[in-house]
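In what follows, a structure is listed as structure tokens, so that the remarks can point back to it.
Rule-based calculations on the coordinates, nothing more; no lab input. This is a predicted model, so every value here is computed, not measured. Ideal geometry is used to build each Cβ from the backbone, glycine not excepted, and the neighbour counts take in all protein chains shown.
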Amino acid sequence: MQKIVELANNTRVYDVANVTPLSFANQLSERFSNNIYMKREDEQSVHSFKLRGAYQKISGLSESDLVKGVIASSAGNHAQGVALAAKRMGTEAIIVMPLSTPKIKVNSVQQLGAKVVLHGDTYDDAYQYAKSLEKDNDLVFIHPFDDIEVIAGQATVAKELLEQLESIDKIFVPVGGGGLIAGIASYIKSYAPKVQVIGVEPEDSPTLYQALKTGKRTVLSDVGRFADGVAVKQIGEKTFPIIKDIVSEVVLVTNDEICAAVKDLFEDMRSIAEPAGALATAGLKKYLESHNIKGQNIVSLVSGANVNFDRLRYIAERADLGENNEAIIAVTIDEKPGSFLEFCNNLDNHSITEFNYRYYEGKDANVFVGVELEGGVDEKTELLDRLAKSFGIVDLSDNSMAKTHIRYMVGGRPDVQNEVVYRFEFPERPNALLNFLKKIGTNWNISLFHYRNHGADFGRVLIGLQADDVDELETKFDELGYYYSNETDNKAYRYFL
């Protein structure tokens, strides 16, 4: 830890990095009765903190290593940091990126002078290929987080914070492989040991959380891809021993809560953070909602703003759900004239945000309804309890299939024999949907299909198939190598499709 602090105090990162602003968040501060500040790493030249660690590492290489050239694997921010640092130091850089990497990120790296090699469907595929190229071509590998020099570069964020704010009570930091939080916590604990450093991770990528829980580095079987900047299966070998003794705790947040934080940052800063960039703010909000803390000075790190424009549609759709400003419910009403009016009368001034319905030849009608809320969870509970006295009610606000697919395809329930329904995620790249369908094959009739491009690295599909032998079908799915989930018993499917 001491070496990290010494390197940070004698850093070279300001050859390329800016001292980023510490902005006061007026709306969040008033809402939570604390003084909340945003450390704006989104305002670096590459819109991310990653250039700090990359430049600290590359600028310290020997002349013989610089002649060899450097190589890295990354799906975005680290790639830009390495490319910029290599350009500044006059060395060649090769960046291996997954085939699913959005073109905007590939172009950004190429514009900085690096050579991009596209390989594999995931970051792990790109990493393994980069390591093979390192060995075959005698290159210098620049790790995104598991390197003392890289960690020291990220520690300069904490150095700035202590100079910018005289008194700090808590700092919330996003966690992927642990390089950023290891650097920040090392520096903070050396100069301001009373300050709490709190990590934040997505619920579907709890890398550090699991390691702290078990006391050892755990390899996750799968990680969520929404906050792709922190989608790491295992905390770093060098970072974990540093983190485990000096980080206070880890907060886990949902993807919807991350979307809500993106909206908060826009409303307070007029800045559009990427999902991983808003992660710390989502954790800060969740922490303060569950702790009775007032009047403290609290910092959240806005770690990056490299987000595809197309992805903002998805983020906007989910933000109100993450803030508990909207409820998604399935309502069973009588299939007769006047039932819709009766239901609306029972809403008691709550605005309808969405209403999806298709006539069905039965005595009951199932309606997909979005309802606007202002008072959060308590208000939703009161509303659902009241509606349940007159109608059949199912809360779908936390039902991923309902939010991603069902709300866009309510249209009746045909009588399909032996139908099974699955959710899939597959790498999003040219012809990805066509290739997915080819791999599914023609042995099973497709009875239902829904797909929307969200501008993300992974596409999401809901597919219904007529299958007599589910085991045979899932054996075929296992061969595809894509994430899938059997949703045949999902209430949203049963109600509407």
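A few comments on the model shown:
- The count of lysine pairs in segment 239-334 whose Cα atoms are under 20 Å apart, excluding pairs fewer than 8 places apart on the same chain, comes to 4.
- Applied to segment 462-467, the Karplus parametrisation 6.51 cos²θ - 1.76 cosθ + 1.60 on θ = phi - 60° returns per-residue 3J(HN,Hα) values of 10, 10, x, 9, 8, 9 Hz, with x for Gly and Pro.
- Helix 279-290 vs. the chain, principal-axis angle (Cα, 0 to 90°, nearest 10): 60 degrees
- Under 16 Å of direct C-alpha separation, and excluding same-chain neighbours fewer than eight residues apart, LYS233 reaches these lysines: LYS213, LYS216.
- By the count of neighbouring beta-carbon atoms within 10 Å, fewest first, TYR422, TYR408 end up ordered TYR408, TYR422.
- Computed over Cα pairs, the Kirkwood radius of the chain leads via Stokes-Einstein (1.002 mPa s, 20 °C) to a diffusion coefficient of 88 µm² per second.
- Likely footprinting exposure, SER447, SER29, SER132, fewest C-beta neighbours within 10 Å first: SER132, SER29, SER447
- Ranking of ASP264, ASP15, ASP125 by count of other Cβ atoms within 10 Å, fewest first: ASP15, ASP125, ASP264
- CD proxy at 222 nm, helix term only [per DSSP H run n ≥ 4: -39500 (n - 2.57); per residue of the chain; nearest 500]: -12000 deg cm²/dmol
- Stokes-Einstein D in µm²/s, Kirkwood radius over Cα pairs - segment 416-496 at 25 °C with 0.890 mPa s viscosity: 186 µm²/s
- Each of the GluC sites (Glu not before Pro) that DSSP puts in a loop and that has at most 10 other Cβ atoms within 10 Å breaks the chain; the longest unbroken stretch is 167-360.
- Amide H contacts of GLU249 (H built 1.01 Å from N, in plane; Pro and chain starts excluded): GLY199 sit under 5 Å, all sequence-distant by 5 or more or on other chains.
- Relative contact order (percent, whole number), segment 8-93, Cα cutoff 8 Å, 6+ residue spacing: 27 percent
- Nearest 10 degrees, 0 to 90: helix 179-191 Cα axis against the chain principal axis: 60 degrees
- Degrees separating the helix 123-137 axis from the principal Cα axis of the chain, which is the longest one: 30 degrees
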